[in-house]
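The values are calculated or read from the model by the stated rules, or taken from the named source; none is laboratory data. The structure presented is a predicted model; accordingly, all values stated were derived computationally and were not measured. All Cβ positions, even for glycine, are placed from backbone atoms using ideal geometry, and neighbour counts span all protein chains on display.
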Protein chains: 2
Amino acid sequence: MTSNFRVVIIGGGFAGLTLARALRRAPVDVTLIDKRNFHLFQPLLYQVATGGLSNANIAIPIRSILSRQSNARVLLADITGIDPQRKLVHHKNGTVPYDTLVVATGSDKFYFGHDEWQQFAPGLKTIEDALVYRNKVMMAFEAAELETDPAIRQEHLTFVVVGAGPTGVELAGALADIKNLTLKHDFRSINPRDAKIYIVDAMDRVLPTYPEDLSVKAKASLEKIGVTVINKARVTGITDRAVTISRDDKIETIPTRTVLWAAGIKASPLGRILSESSGAETDRMGRVIVEEDCSVKGHPEIFVIGDLAHFKSGDATLPAVAPVAMQQGRYVASLIRNRIQGKSMPGFSYRDMGTLATIGRNAAVADFGGLHFSGWPAWLIWLFVHLMAIVEFGNRLLIVTQWGWNYLTWRRSARLITNLCPDDCIKPEQAPPD
Amino acid sequence: MTSNFRVVIIGGGFAGLTLARALRRAPVDVTLIDKRNFHLFQPLLYQVATGGLSNANIAIPIRSILSRQSNARVLLADITGIDPQRKLVHHKNGTVPYDTLVVATGSDKFYFGHDEWQQFAPGLKTIEDALVYRNKVMMAFEAAELETDPAIRQEHLTFVVVGAGPTGVELAGALADIKNLTLKHDFRSINPRDAKIYIVDAMDRVLPTYPEDLSVKAKASLEKIGVTVINKARVTGITDRAVTISRDDKIETIPTRTVLWAAGIKASPLGRILSESSGAETDRMGRVIVEEDCSVKGHPEIFVIGDLAHFKSGDATLPAVAPVAMQQGRYVASLIRNRIQGKSMPGFSYRDMGTLATIGRNAAVADFGGLHFSGWPAWLIWLFVHLMAIVEFGNRLLIVTQWGWNYLTWRRSARLITNLCPDDCIKPEQAPPD
């Protein structure tokens, strides 16, 4: 049934995977290339970082998602180059020809030119990042339990989250749950409630992309569970012992051993590779500027979708969120099917379904088409929306069980300190071998 | 209520944890020291290694297990020395005094003097080991899918398990399930069923410690699902490309990229540390030879239990299995309670409740007091026994769900290639920090 029209997709995130699945009945051969063997449900990554979920709960093997789709194959490979003239994608182990290429490799952590902060303040993008976060947080309590000097003990019990967007707010909320509930009875020398949690952001409110009344409610929810919110403060330094911030032109220092980075993102390196070979323009974050149909200027057969794409929508660009990525994936699938039939299509337009962020156990804020929710009702909506979203990829049953269990018991059963680096662990650049 | 009689337990495995819990109503102060923050349910480690379970399913935070036990505290620390004269345990961050010391740090991988094999044939003792196994197995199929040379492709699709004890047999069975069922529809260039699985052992039968008829049945079960059983064969060499074995004085070579070590164990290094400071005798595996009451000769206040103990039972020594460890833990708890009341106790005797091993989906062999089971009934018994055992430590609900899910769908949802070594991962010797 399938013709030889070859669609090659780089990246198995929300954009690439949605596109591949939307092409399941199209007369094309789909090749999806990713350097990892799983799709990562990023909106719940902070739950892995704080021990609420296991990595297998939110990472689903791409092969199993596309297992029954006979016109799709999956390659686990690192891309080394793109050749738009000969329509080839090069990877470490070979070359794949394409008729249509879609690049959807997303975004990466960004330290605003201060890469030296990364060693002290890990970011949260990969499963490995989440385990580094979890280890840092859990080890901080362990170190405090062993420490006898009260000043150093308090340093161990101080957590600073940099960035008050959705990830930062959700992280700070989960940290508050850990100190208030999860670890309540676990220590003998320290009281986990003595832990201090700060969230620091340069903007004038938390969740700056949300409607203002929800920012106010989110701030109140954070403060209610013991998080100190510091706005209009720029981080000027991070070491293994402290964070320095500048607020109202005054420099302040917060002594801490645990800084969690939830601030900047930049485009994945594939943006630069594509730009150099195809002449595509990029913005200052490294994202590829795309046309109205998500294609690259001068290359109607090359598309960029998801976080890697800079898509103008009025005066702004579309945000780097999963709904944009998934809608663009579905759009490009329709466009490919139409093109094969010789039909044209109007440009992509984003339908904003609303925004949601959760703040610890029981609280959340939500905006659906002008209707604003907060507290318990928003938390239930948040739960429902995320479960519905993740069901498409098949892990719902496990997550519901794990969440139910955690919720009833206040436990975070995944609060293991693992990922200790064995001598024979696989370095990212070694995967795949040969 | 608690007096100042101090019981210090080193090791939070089956022996140490059972002992700590059995002392929950005793008038003692319990300190449990472990270098990891979780108890590992080792009998199911091969399930994590083959993607059937997540690490959080079989690793339970020690603090949460002992959370409500007010006479127990937990220290996450690396032991550096034992001083029997002054009754002190030294760890990296300080010193802990004891009245009674129990050492239960278990066993480690052993390569029979060929440590150079470890880099090619990882063993299976820790959570990290299990992820290394999983990565190796999953990457082998990925590499085969990308490979165009048929000979090299077959090397990628050849798996050799060294050691046909329970761990080796269970591993080989799970590998067969992966190639026959789990990955059935996942690849386009290779057929996972073409994978070859060998299990190699120097003894004349699989499961050599089991009754002979069960060995015969286990071998038949393995062969039925496509595993090649090679007995009376000594491994003489392992490289990244092949395993060399000597059988009937003939040398044979099996080309393979994936060798899984399930053969030898040796005592944990604490055995040597204790022996040097207390004069305790050790056997050639490094295990501490103990008295009839599990104490060290000349030191009635120091006990060694679990895999680290060499306990004579008639002509043999007790095997390194969880039931021995747990019964010894309960015994020493009784002995401590009795001693405090001035009472004496008879020596420890092991009550053998039977043995069990599973061979892939649906098959197992079991021996309960002379009653032998195989096939489906044994598999159901195996499932029941393991669930009952793990419930004590609290993770049953999740495991049942995950197993049920895997069983109904043939999926192994945890077959992720993770544990890639980020630059900032925590090295074992760094934990805990400071």
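At-a-glance table
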{"read-out": "Any hit, region A:160-169, residues being surrounded by fewer than 22 Cβ atoms within 10 Å (Cβ to Cβ), at pLDDT 90 or above and more than 9 Å from every other protein chain (Cβ to nearest Cβ)", "value": "yes"}
{"read-out": "Residues located in region A:303-323, provided they are part of a helix (DSSP H, G or I) and closer than 23 Å to A:SER277 by Cβ", "value": "A:GLY306, A:ASP307, A:LEU308"}
{"read-out": "Output for region B:241-251, where each listed residue is in a strand (DSSP E or B) and either exposed (fewer than 14 other Cβ atoms within 10 Å of the Cβ) or small (Gly, Ala, Ser) (or both)", "value": "B:ALA242, B:SER246, B:LYS250, B:ILE251"}
{"read-out": "Selection count where residues are over 22 Å from the mean Cα position of the chain (by Cα), under 15 Å from A:ARG36 (Cα atoms) and crowded, with 19+ Cβ neighbours inside 10 Å, scope region A:75-92", "value": "2"}
{"read-out": "All positions within region B:256-269 that are away from chain A (no Cβ under 14 Å) and either surrounded by 14 or more Cβ atoms within 10 Å (Cβ to Cβ) or touching a Ser or Thr at 6+ places or on another chain (Cβ under 6 Å) (or both)", "value": "B:ALA262, B:ALA263, B:GLY264, B:ILE265, B:LYS266, B:ALA267, B:SER268"}
{"read-out": "Those residues of region A:130-146 which are acidic (Asp, Glu) and facing another protein chain (nearest Cβ under 7 Å), in sequence order", "value": "A:GLU142"}
{"read-out": "Residue selected from region A:144-168 under the condition of a type in the set (A, V, I, L, M) and touching a Gly at 6+ places or on another chain (Cβ under 9 Å), by the criterion nearest to A:GLY51 (Cα to Cα)", "value": "A:VAL161"}
{"read-out": "Filter pass, B:ILE127 being in contact with a Ser or Thr (Cβ under 9 Å, 6 or more places away or on another chain) and within 8 Å of chain A (Cβ to nearest Cβ)", "value": "yes"}
{"read-out": "Condition check for A:GLY16: in contact with an Asp or Glu (Cβ under 9 Å, 6 or more places away or on another chain), within 11 Å of chain B (Cβ to nearest Cβ) and touching a residue at least 60 places away in the same chain (Cβ under 8 Å)", "value": "no"}
{"read-out": "Search result, residues across region A:364-382 that are touching a residue at least 24 places away in the same chain (Cβ under 8 Å) and not small (Gly, Ala, Ser)", "value": "A:VAL365, A:ASP367, A:HIS372, A:ILE381, A:TRP382"}
{"read-out": "Yes/no for B:GLU142 being closer than 19 Å to A:PHE38 by Cβ, part of a helix (DSSP H, G or I) and among the charged types (D, E, K, R)", "value": "yes"}
{"read-out": "Residue check for B:VAL28: in contact with a Phe, Trp or Tyr (Cβ under 7 Å, 6 or more places away or on another chain), crowded, with 23+ Cβ neighbours inside 10 Å and more than 9 Å from chain A (Cβ to nearest Cβ)", "value": "no"}
{"read-out": "Test: B:ALA172 is away from chain A (no Cβ under 14 Å), part of a helix (DSSP H, G or I) and at pLDDT 95 or above", "value": "yes"}
{"read-out": "Restricting region A:147-159 to residues that are more than 8 Å from chain B (Cβ to nearest Cβ) and among the acidic types (Asp, Glu), the residue that is nearest to the chain's Cα centre (by Cα)", "value": "A:GLU155"}
{"read-out": "Answer from A:LYS224, A:LYS184, A:LYS179 - the residue that is among the basic types (Lys, Arg) and out of contact with any Pro (no Cβ under 8 Å at 6 or more places or on another chain)", "value": "A:LYS224"}
{"read-out": "Checking A:THR358 against (1) outside the structural domain of A:ARG68 (by TED's automatic domain parsing); (2) free of Cβ contacts under 8 Å to residues at least 40 places away in the same chain; (3) of a type outside the set (Asp, Glu); (4) surrounded by 17 or more Cβ atoms within 10 Å (Cβ to Cβ), the condition it does not meet", "value": "(2)"}
{"read-out": "Enumerated strands (runs of 3 or more DSSP E) restricted to region B:52-99, each holding at least 3 residues that are facing chain A (nearest Cβ under 9 Å) and in contact with a strand residue (DSSP E or B) (Cβ under 6 Å, 6 or more places away or on another chain)", "value": "B:59-61, B:72-76"}
{"read-out": "Every residue from region A:229-240 that is exposed (fewer than 14 other Cβ atoms within 10 Å of the Cβ) and within 19 Å of A:LYS136 (Cβ to Cβ)", "value": "A:ASP240"}
{"read-out": "Which numbered condition A:SER189 misses (of (1) more than 14 Å from chain B (Cβ to nearest Cβ); (2) of a type in the set (Gly, Ala, Ser); (3) assigned to a loop (DSSP other than H, G, I, E, B))", "value": "(1)"}
{"read-out": "Residues satisfying the stated conditions in region B:99-119, i.e. closer than 18 Å to B:VAL243 by Cβ and buried (at least 20 other Cβ atoms within 10 Å of the Cβ)", "value": "B:TRP117"}
{"read-out": "First in region A:28-50 and acidic (Asp, Glu), second anywhere and part of a helix (DSSP H, G or I), Cβ under 8 Å, 6 or more apart", "value": "A:ASP34/A:GLY16; A:ASP34/A:ILE62"}
{"read-out": "Residue that is surrounded by the most Cβ atoms within 10 Å (Cβ to Cβ) [pool: residues in region A:33-51 that are part of a helix (DSSP H, G or I) and more than 10 Å from chain B (Cβ to nearest Cβ)]", "value": "A:ALA49"}
